[in-house]
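The next block holds one structure in the form of structure tokens; read it before the comments.
The numbers here are math on the coordinates, done by the rules we state, and not lab data. What you see is a predicted model; the values in this text were computed from it and never measured. Here the Cβ positions follow ideal geometry from the backbone for every residue, glycine too, while neighbour counts run over all protein chains shown.
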């Protein structure tokens, strides 16, 4: 399920064409990923960072399990970043609408 | 993606309280929190995967993950798991994060309300037409009564026929007023129905924006507190500290963080150095206030 849905945008008063929506959704996901990664990196100790880098060839399940086990409140971090980003979008509704 | 959380309908939004329900994955045991419905506490990790004690802080041993998908299995066993979780792709992978975004469906609700209003107005059309005809008849009756009364313009007011016609005209005028009121009310009622649809839409829109901004402020507050605790080396206690912090305090911290961020952005956009300097000073002051607000005792 995409986080930035068309329904959410419509409810914010933002009506976009399919292509514009795709662009905005992509930008949203990229920004979110960057922010989440930044937060996670800040949470890690050097040894944890090293351990994580060794997991680059691991499958998704292993990486997620490792993150959950080693990053304090990872789900809270992700949820907070989503809240912040959607809040920013709500705050700049007019800008997006007139862009 | 190899790991997928149970997908399905989103979290339920309580229209009466205006709050989210079941946002937190209920399958995961979480300690009590003061974050209310917006809360989504940490997953209870297996004992051997808990963060190390402060004594090991410099170089904590890297936890070895236990058997994976424990949380997912627990989630899957919940009777209404599909209602509580959504499957969101983050960091290129699927996380069973809480259903963050409500399918608010303001547009859909507006469409339904609009159709309902149109249908009710359609049902009211015969009544309106009947009232309109009756009004026209009353107008004609008044015109006729007035004409007949005016025919006796030269006659004395004491004349019994003139008094009788005056009374007839008077009654007809009263009846006309009543019909006019009934017609106006019917018109107002029908117009209000259509107008209410737009008003309700705007109200819901404003409420949605307000909710999202409040959630952002709370999230910023938690983030600022986490950052501050990390700075002073108390990240391990951050989780507990966050839960001790009241919602209001978090919102205040979040608001300050938001203003500080905005001021810094504005400072970078200003054209002159003096303006930049003033705005940067303002941002620094806010930053200091933010640090004070998040100061760990």
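With a point put 7 Å past each Cα toward its Cβ, work out how far residue B:146 is from residue B:181 in nm, to one decimal.
2.0 nm
Calculate, for residue A:94 and residue B:247, the FRET efficiency according to 1/(1 + (r/R0)^6) with r their C-beta to C-beta distance and R0 25 Å; round to the nearest 0.05.
In this case the efficiency is close to 0.35.
What is the gain in length, in nm to one decimal, between residue B:120 and residue B:200 on full extension, counting 0.36 nm per residue of separation less the C-alpha to C-alpha distance?
27.1 nm
Using R₀ = 56 Å, calculate the FRET efficiency as 1/(1 + (r/R₀)^6) where r is the Cβ-Cβ separation of residue A:15 and residue B:133; round to 0.05.
0.85
Compute the angle between helix A:74-91 and the longest alpha-carbon principal axis of chain A, please, reported from 0 to 90 degrees and rounded to the nearest 10.
In chain A, helix A:74-91 runs at an angle near 20 degrees to the longest axis.
With each run of n ≥ 4 DSSP H residues scored as -39500 (n - 2.57), what mean residue ellipticity at 222 nm is computed for chain A after dividing by its residue count and rounding to the nearest 500 deg cm²/dmol? Write down the numbers at each step before the final one.
Numbers: 6 runs with 75 residues, N = 99.
Calculated at 222 nm, the ellipticity per residue is -24000 deg cm²/dmol.
Apply the a/c threshold of 1.5 to the C-alpha gyration tensor of chain A and tell me whether it is rounded, prolate or oblate. Don't jump to the answer; show the numbers that get you there.
On the way: a/c = 2.99, a/b = 2.35, b/c = 1.27.
Prolate is the answer for chain A, as a/c is 1.5 or above and a/b outweighs b/c.
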